[in-house]
Amino acid sequence: MAEKTTFLGGTTGNLRNEFAERLKYKNLVDFDGMIDTLYEDYFYGFINRNFEVSYIVDDPEIFSNFPGYADDVKCLSFVSSAFSNLRTDYLQNIRNSNRGFPKFLDGLLPVLGYEPVSSFYGQYLTWIASSFSVLIRDNFLVNDYNCYLSALDPLLERSLKNFPITRSGFLLSKYNNVRSSGLVIELARLEYDEDTIKGEILQSSDFQCYLDFTKAYGFLVDKNAPWRLYADYGNPLMNTYMDKKGLTNLQSDYKMDSVYRLKSCEDDLYDLQDFVLKLYNDIRGELPFYKRPIRNPKSQDRAYETVFRPEADMLTKEQWISLLLRVRMLELDVFDAAEFRRNSEKVMQNLKLYGVHRALLAIGDISTNYIKRIYATRKEDNPNT
């Protein structure tokens with residue numbers, strides 16, 4: 001951007017102008033050392049090199065704060081160490097030159113960092129359950145658990161593409177927060193939707209200096225929120241900080257998987273069971289009775305008796321595993337009846353021979369293959385992905 005450019009995305013109030021302004025920002029903002037999780041690196045920090053969905057272990061031992069200048073903000077310990085050195089050298093550079101901070105980023109002070117995925121996921125599920133509950137309660141045919149499951153199934157079929165319910169689905173959705181990756185530090189509380197603010201940061205006189213320093217320490221600046229930094233754990237510079245934590249002789253992705261991350265597919269069944277059962281019990285708690293029609297041989301008028309809504313009947317492990325496979329395929333928008341049957345045979349064979357855990361891993365492998373396929377398609381559409 002040789003000349004000063006004003007970006008108006010998020011402020012136009014007009015759909016056509018808004019599209020044009022968003023496109024202008026997308027096309028004109030192009031700095032080496034940035035990451036674009038909106039259009040390119042969609043799932044950064046939440047899938048590993050094998051395309052397996054993963055999340056950070058919520059273990060206090062692997063996190064650090066920023067003592068003395070951001071005590072209440074934390075991230076993964078190697079990220080904290082790298083940033084602290086970056087900030088120290090940047091401040092030294094300012095003292096020895098006429099440089100300063102980019103607009104809105106005075107002091108390079110972290111204001112937001114890691115928050116556990118369970119926090120975001122829990123809030124999201126509460127919202128989804130509330131929405132589903134309203135729709136199911138209005139169905140007068142939902143009298144018991146089996147009727148409830150029958151009513152829930154078409155709702156899942158319509159909704160899961162846009163509103164996932166498993167942890168794996170949530171992690172790759174727009175409802176997840178990048179801060180749950182543990183790799184992110186935010187240096188200001190600004191509006192993510194207003195491109196004007198972003199443009200002022202990008203075109204401030206000291207932004208290039210800021211960008212050079214972040215690159216030198218293994219960070220990437222978020223193109224769509226330039227006050228947000230991502231640790232580039234594939235960068236050899238960032239790797240040196242991981243090595244200091246005793247993780248030498250391993251590639252960066254293996255370091256992440258061996259110490260910091262878990263595969264979410266191993267949690268999906270339990271999260272699904274919790275969601276399905278809790279939703280039914282919430283409905284049952286709010287509407288504990290229903291009216292059941294009864295025959296009255298003495299009259300043509302309909303008669304009803306008030307009946308207590310029964311407790312949930314537990315599904316078999318085969319039924320739960322089958323439901324999970326269906327849910328994951330719907331979440332990834334790849335459900336096909338014939339393909340579901342083929343996948344189901346593989347999963348059920350694992351369940352029969354090796355148990356539930358192996359069946360969950362089999363569903364994880366199937367999901368991984370679909371994610372690879374989705375990535376390949378997106379890469380064809382956008383070679384920079």
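Read-outs: derived from the displayed coordinates by stated rules, not from any lab. If you're wondering where the values come from, they're calculated on a predicted model, not measured in any experiment. Positions of Cβ are generated from backbone atoms using ideal geometry, with glycine treated the same way; all protein chains shown enter the neighbour counts.
Hey, how many Å between the Cα centroid of the stretch 13-85 and the Cα centroid of the stretch 105-133?
Each part's Cα centre sits 14 Å from the other's.
What residues of the stretch 182-200 lie in the reach of a label at Asp106, counting those whose backbone N is under 19 Å from a point 7 Å from the Cα along Cα→Cβ?
Under cut-off, by backbone N: 186-191, 197-198, 200.
If you take the charge dipole of the chain about its Cα centre, with +1 on Lys and Arg Cβ and -1 on Asp and Glu Cβ, which of Thr12, Asn343, Asn27 is farthest toward its positive end?
Comparing the listed Cα positions along the dipole, Asn343 ranks first.
For the pair Asp267/Asn98, report the inter-label distance in nm, with labels modelled 7 Å from Cα in the Cβ direction.
Modelled inter-label distance: 5.2 nm.
So how tilted is helix 145-159 from the main axis of the chain? Cα-based, degrees 0 to 90, rounded to 10.
Roughly 40 degrees between the two axes.
Below 8 Å between Cα atoms, with a sequence gap of 6+, how large is the relative contact order for the chain in percent?
Taking the mean separation of contacting Cα pairs over the length of the chain, I get 22 percent.
Helix 356-381 versus the longest principal axis of the chain: what is the Cα-based angle in degrees, 0 to 90, to the nearest 10?
50
What ranking of Phe308, Phe275 emerges when the number of other C-beta atoms within 10 Å of each C-beta is taken as an exposure proxy, fewest first?
Numbers: Phe308 9, Phe275 17.
Listing Phe308, Phe275 from fewest to most nearby Cβ atoms yields Phe308, Phe275.
Can you tell me the equivalent ellipsoid semi-axes for the stretch 315-368? Use √(5λ) from the Cα gyration tensor, largest first, whole Å.
One finds semi-axes of 17, 11, 10 Å for the stretch 315-368.
Might you report the magnitude of the Cβ-based charge dipole of the stretch 62-136 about its Cα centre, with Lys and Arg at +1 and Asp and Glu at -1, to the nearest 20 debye?
For this selection, approximately 260 debye.
For the stretch 30-164, build the charge dipole from Cβ charges (+1 Lys, Arg; -1 Asp, Glu) around the Cα centre, then report which of Phe83, Tyr69, Ser159 sits farthest towards its positive end.
Tyr69
Need the C-alpha centroid separation for the stretch 152-196 versus the stretch 263-328, integer Å.
Each part reduced to its Cα centre gives a spacing of 28 Å.
Given only helices, namely DSSP H runs of n ≥ 4 each adding -39500 (n - 2.57), what is the per-residue ellipticity at 222 nm of the chain, to the nearest 500 deg cm²/dmol?
Value at 222 nm, helices only: -15000 deg cm²/dmol.
So what does the Cα-only Debye profile of the stretch 78-134 read at q = 0.22 Å⁻¹, as log10 I(q)/I(0), no solvent term?
So the normalised log intensities are -0.90.
Taking a temperature of 25 °C and a viscosity of 0.890 mPa s, what whole-number D in µm²/s does Stokes-Einstein yield for the chain with Rh from Kirkwood over alpha carbon pairs? All intermediate terms of the calculation are to be shown ahead of the outcome.
Values: Rh = 23.9 Å.
Approximately 103 µm²/s, per Stokes-Einstein.
If each residue's Cβ is checked for other Cβ atoms within 10 Å, how do Ser159, Ser54 rank with the fewest at the top?
In increasing order of surrounding Cβ atoms, one gets Ser159, Ser54.
What dipole magnitude, in Debye to the nearest 20, does the chain give about its Cα centre under +1 on Lys/Arg Cβ and -1 on Asp/Glu Cβ?
Dipole magnitude for the chain comes out near 720 debye.
Given the options Tyr354, Tyr124, Tyr69, which has the most mean-square fluctuation in a GNM of the chain, springs set between C-alpha atoms less than 10 angstrom apart?
Per the Cα network of the chain with a 10 Å cutoff, Tyr354 tops the list.
Determine the dipole magnitude for the stretch 315-368: charges of +1 sit on the beta-carbon of Lys and Arg, -1 on that of Asp and Glu, nothing else is charged, the reference point is the Cα centre, and the result goes in debye to the nearest 20.
Its charge dipole is roughly 260 debye.
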